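**Q** Would you mind keeping the following structure in view while I ask a few things?
The values are calculated or read from the model by the stated rules, or taken from the named source; none is laboratory data. Everything numeric in this text was worked out from a predicted model, so none of it was measured. FYI the Cβ positions are ideal-geometry reconstructions off the backbone, even for glycines, and counts take in every protein chain you see.
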Amino acid sequence: MATPNYSFEKRKRDLAKKAAKEAKRLKKKEKGGEPHTPVIIEQNQQGSFADEDVPAADDVSVLSA
């Protein structure tokens, strides 16, 4: 008699849960009538996505304090 593959069964359950959760999310989104709007994050001059409040790495006055 073959032994059960518990990891395969668990993966199947997890994928089913994930699919159900995604279907529920899409149904809620459709019911709400709100279109999906992507979030756009702008880069600063140094090329990072940090907030404007954070000092730049080459700001010597902050580093020498």
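Yes or no, residue by residue, for (1) modelled with pLDDT of 95 or more; (2) within 24 Å of the chain's Cα centre (by Cα); (3) of a type in the set (Lys, Arg):
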{"residue": "11", "(1), (2), (3)": "yes, yes, yes"}
{"residue": "21", "(1), (2), (3)": "yes, yes, yes"}
{"residue": "28", "(1), (2), (3)": "no, yes, yes"}
{"residue": "39", "(1), (2), (3)": "no, yes, no"}
{"residue": "47", "(1), (2), (3)": "no, yes, no"}
{"residue": "55", "(1), (2), (3)": "no, no, no"}
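**Q** What is the residue count in segment 6-34 for residues that are of a type outside the set (D, E, K, R) and loosely packed, with under 10 Cβ neighbours inside 10 Å?
**A** The qualifying residues number 5.
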